[in-house]
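Right, one structure below, let's go through it.
The values are calculated or read from the model by the stated rules, or taken from the named source; none is laboratory data. Here the structure is a predicted model, which is why all the values come from computation and not from measurement. For neighbour counting, all protein chains shown are included, and Cβ atoms are generated from backbone atoms with ideal geometry for every residue, glycine included.
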Amino acid sequence: MIKAKGKPLDDIIRMVEGYKKILIAGCDGCVTVCEAGGRKEVEILAAALRLYFAQKDAEVKIDETSLTRQCDMEYLDVLSDRMGGYDAVVSLACGAGIQYMAERYADKPVFPGVDTCFIGVSLERGVWGERCQACGACILADTGGVCPVARCSKRMLNGPCGGSSKGKCEINPEVDCGWQLIYNRLKTLGQLDRFECPVDPKNWATSRDGGPRKLVKEDVRI
Amino acid sequence: MSTTTSSRLEKMLAAGHFAVTSECGPPRNCDGSVIEHKANLIKDYVDAVNVTDNQTSVVRLCSLASCIRIKQMGVEPVLQMVTRDRNRIAMQSDILGAASFGINTMLCLTGDHQSFGDHPNAANVFDLDSIQLIQTVKMMRDEGRLLSGFEMKVRPRIFIGAAANPFADPFEIRVPRLAKKVAAGVQFIQTQCVYNVEKFKTWMNLARDKGLHEKVAILPGITPMKGVGMARYMQTKVAGMDVPEEIIQRLKGVPKESQSEEGVKIAVDTIEQLKEVEGVRGFHIMAIEWEEKVPEIVERAGLYPRPVVNGNDGGSCATS
Amino acid sequence: MRLQYPPNIRIVRVPCTGRVDQIHLLKAFEDGADGVFVAGCLEGDCHYLQGNIRARKRVNRVKQILDKVGIGGGRLEMYNLSAGMGPRFAEIAREMTKKILELGPSPIRLVKEKAKKGAEEVAA
């Protein structure tokens, strides 16, 4: 899922300073799973902002809500009756949700309450790791199920580089060398022969490099 | 091995002599005379001079400009190119630019991650990796085509090199990776600097088992240690570097003022040992910020004067 | 044990301090508490294994928040003691009271009292 992390409180305070009626909107989707923008985090942020503003300006109202998700208009529509009562929104959804909220309620400033970081997995409670770069042309079949685009710091397709040391990447001893992982898996799968053939340059046009992307699934369109 | 380019390095290897290369680190400013000075120090003692490409991701005067300057001095440069900073468009373009000045030897590298350098906040490119760059240069030279398929009227004729690190992990993958580089078209290899001769020999055995020593010319890297401090640093802080404890002890065993002399001795000893290893075709002497030691090392290792190869006058890597 | 401790302490009993969440601590300050302390079992002795460890992490996080919003993290503390340590509890209560008296009333309480006074003046 998408993994995000709450923005520093100072930054959020700076964003909403000057507004009087603020809605903190969480999302029950990805940000709930990574404990950055779910109902719990909405409550805590709202309480913190109330404590801050109570001392500065008693007029400031902070309300809380959480939507099933913010990346679908039908769930954003739920807020349409209430939105008139606010002059700013802090959305704790991922970057996609925050933008959709801003699109739906274009006359309200919508501020990001989280930094959206990556597509990843839960490693343990409170720890998440990146696994996918959304390159749009998945090659996991060729690399034993480990992605060199997301897990090699140099996104090499013919790795490892000379900086791989004891299974760790040269940039940081806590980062696994993606190609060591690929090697281990290919060995387990008996596919080490893949290492002898050079892999051709990747077509990056399906990834971010090709420009903002859109997906169309014709068979479900009305 | 017939020659395909005008590269003096290629000719030296084809003639069966031990080749000698060294390197120039460009300055962190626009003073081209630094390159001239360094090249002049070593030109009579080597067959070609590598110019590093923003090494360790630190911005320096670019390799291409430095190579052009060196070429115009009548000295043979080796253009080092990393894939970290340029996409395939820029790299093919730079290769055409290099070839237009007669630069005929290249080293294809992936490059250190930008987090090591002075601009850690930069975006990186890595559109291609070193193996794909090798394939690209080969295609430009042998098929006269760019990656897009476009046919060039005048094609670059470049002798293709790459780096290898016998000391990185996983060890079992190092020789298959070398095999992959050979399959991609690499013609010469310069390795990471060798201190652990035994491990290097193990790697060479495995390479010979696959017959790679006949398909590619291997030049082990040699870097003289300036002292114990440098040795310790390289042993502990540089990824993929293997400095055995015996080397450190050998340096510790002499008084401080003699440590640099001992470092040079170790370098010469290493060269002598490696000369006996089947498949070693020359040496790449990297005396970082200590270029003045290169002539001494080459002389003491019995590699001076440089042999004459057809088409060049003897003694220097001046090109005709 | 009939030990003396200051009368200004309001006790909220929980089966384990692991039950205490960040929002409970924040709400206490929102309602005007001048100080809050969480008294959990000795580390390693939690009946529910790690409840007091979780509480400690949450207390630390809320201390940070309180610093950032101008209330002050010093108004919130966590202590570890066993249920049998009556005198220690009294000691903690006294210690915490002394500390909070030195820090003065919570800024939120001052705001609330001012608002109340203002409302009374209007009514009069």
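Some observations on this one:
- Every residue from the range A:1-29 that is in a loop (DSSP other than H, G, I, E, B) and farther than 19 Å from C:R58 by Cβ: A:M1, A:K7, A:E17, A:G18, A:Y19, A:K20, A:D28, A:G29
- When restricted to residues that are assigned to a helix (DSSP H, G or I) and within 18 Å of the chain's Cα centre (by Cα), the range C:96-124 contains 12.
- Listed by position, the strands (runs of 3 or more DSSP E) contained in the range A:111-222 that have at least 2 residues being within 14 Å of chain B (Cβ to nearest Cβ) and touching a residue at least 12 places away in the same chain (Cβ under 8 Å) are A:172-176.
- Odd one out for B:E23, checked against (1) surrounded by fewer than 24 Cβ atoms within 10 Å (Cβ to Cβ); (2) in contact with a His (Cβ under 8 Å, 6 or more places away or on another chain): (1)
- Looking only at the range B:139-176, residues that are over 23 Å from B:I218 (Cα atoms) and either within 14 Å of another protein chain (Cβ to nearest Cβ) or without any contact (Cβ under 8 Å) to a residue 60 or more places away in the chain (or both) come to 14 in all.
- Residue match in the range B:184-194 (condition: within 10 Å of chain A (Cβ to nearest Cβ) and farther than 19 Å from B:G221 by Cβ): yes
- Within the range B:226-252, if we keep just the residues that are exposed (fewer than 15 other Cβ atoms within 10 Å of the Cβ) and within 14 Å of another protein chain (Cβ to nearest Cβ), the residue that is farthest from the chain's Cα centre (by Cα) turns out to be B:T236.
- The helices (runs of 4 or more DSSP H) found wholly in the range A:30-77 and carrying at least 1 residues that are away from chain C (no Cβ under 11 Å) occupy A:30-33, A:73-76.
- Flag if A:G37 is small (G, A, S), in contact with a strand residue (DSSP E or B) (Cβ under 8 Å, 6 or more places away or on another chain) and surrounded by 22 or more Cβ atoms within 10 Å (Cβ to Cβ): yes
- Residue that is touching a strand residue (DSSP E or B) at 6+ places or on another chain (Cβ under 9 Å), more than 14 Å from every other protein chain (Cβ to nearest Cβ), part of a helix (DSSP H, G or I) and hydrophobic (A, V, I, L, M, F, W, C), where the choices are C:A39, C:A93: C:A93
- Helices (runs of 4 or more DSSP H) contained entirely in the range B:210-294, each with at least 1 residues that are modelled with pLDDT of 95 or more, touching a Ser or Thr at 6+ places or on another chain (Cβ under 8 Å) and over 25 Å from B:N54 (Cβ atoms): B:259-275
- Test for C:R61: is it part of a helix (DSSP H, G or I), away from every other protein chain (no Cβ under 14 Å) and touching a residue at least 12 places away in the same chain (Cβ under 8 Å): no
- Of all residues in the range B:55-101, those being assigned to a loop (DSSP other than H, G, I, E, B), buried (at least 23 other Cβ atoms within 10 Å of the Cβ) and polar (S, T, N, Q) number 1.
- Residue within the range A:196-213 that is farther than 14 Å from B:K180 by Cβ, at pLDDT below 95 and over 30 Å from the mean Cα position of the chain (by Cα) present: no
- Members of the range B:102-115 that are surrounded by fewer than 23 Cβ atoms within 10 Å (Cβ to Cβ) and more than 14 Å from chain A (Cβ to nearest Cβ): B:G102
- Some residue of the range C:43-65 being surrounded by 13 or more Cβ atoms within 10 Å (Cβ to Cβ) and either touching a His at 6+ places or on another chain (Cβ under 8 Å) or under 23 Å from C:P7 (Cβ atoms) (or both): no
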